[in-house]
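Here the structure comes first, spelled out in structure tokens, and everything after it is commentary.
No lab work stands behind these numbers, since they all come straight from the coordinates. On a predicted model such as this, the values are computed, not experimentally measured, just so you know. FYI the Cβ positions are ideal-geometry reconstructions off the backbone, even for glycines, and counts take in every protein chain you see.
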Amino acid sequence: MKKHIAWLLGMILVFCLAACTSSPAGNTSTAENVSANSSAGEESSIAEESSATEESSAATESSVEETSSETAAEDRVLVVFFSATGNTEAAAQYIAELTGGDLFELEPVEPYTDADLDWTDSGSRVVYEHENPEEQAVELEATTVDDWDSYSTVYIGYPIWWGQAAWPVNAFIEVNDFTGKTVIPFCTSSSSGLGQSGELLAEMAGTGDWQEGVRFSSNVSEEDVQSWLESLGE
Ligand SMILES: Cc1cc2nc3c(=O)[nH]c(=O)nc-3n(C[C@H](O)[C@H](O)[C@H](O)COP(=O)(O)O)c2cc1C
């Protein structure tokens, strides 16, 4: 009987020892949860990071596009001209073709007829306007250029009338702001040079980096324009 009791007590002791030394099941599962949570947290933070990286990369791409379109815009060339009989228009077209520029024609609301342009007739419109400078404020169909701010170089073309820039260009020069633009005058004439026409227009404008400019003959050719542009480094 004593042997049985001793065996029973021994078994109870062994059982108690075994129970005390084993890891709690709850702790194990908690550790697994932490590990799972940590893994899920990492995944979610990676996902967030990856999405943030994609957004930041998209933002970088978009800013590059904006910058390059701004750069492209800043390089734009505009060729503004008035031409009564087509000679200056031809020069303007050559400049636009050779520089990849846009054309903007200055058109008087009341166009000049051949009779109007007859400087040998003392009663003609040009003679009247020449003798009455206050009449030289010729109204134009348009003086506002779309995307004006996007042009960094502006060529201004006109015929020479009585040794000066034909006055229909004045209405355009007076109302536009040339700040930050390189402005290059060009003219056509029978024999007169550019004279002071460019300087007088620069004074009238009051803004812009005005260059010396050039005079072409009335029958200007593409080669004339090309060699002049080459001399400017265009
Ligand atoms: C009213 C008038 C005045 C002109 N005065 C001059 C002048 O002073 N000197 C000159 O060389 N040519 C003069 N010309 C000729 C023009 O400058 C020349 O024919 C020019 O190429 C015309 O350009 P457009 O065809 O673009 O109008 C004059 C022409 C006109 C109609």
(message) Going by amide H atoms built from the backbone, whose H comes under 5 Å of the H on F186, apart from near neighbours?
(response) I156, G157, Y158, V214
(message) Please give me the summed charge of the neighbours of T143: other residues whose Cβ is under 11 Å from its Cβ, Lys and Arg +1, Asp and Glu -1.
(response) -4
(request) On each of the three principal axes of the Cα atoms of segment 89-207, give max minus min coordinate, whole Å, ordered largest first. (result) 43, 26, 25
(request) Take the alpha carbon gyration tensor of segment 169-234, find the square roots of its eigenvalues, order them as a ≥ b ≥ c, and report rounded if a/c is under 1.5; if not, report prolate when a/b exceeds b/c, else oblate. (result) oblate
(message) Give me the one-decimal nm value for the distance between modelled label points at S191 and L232, 7 Å along each residue's Cα-to-Cβ direction.
(response) 2.8
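Which net charge results when you count Lys and Arg as +1 and Asp and Glu as -1 among the other residues whose beta-carbon is under 13 Å from that of P185?
On the way: positive: K181, R215; negative: E199, E203, D209, E212.
Around P185, the surrounding residues sum to -2.
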(message) Apply the a/c threshold of 1.5 to the C-alpha gyration tensor of segment 72-144 and tell me whether it is rounded, prolate or oblate.
(response) prolate
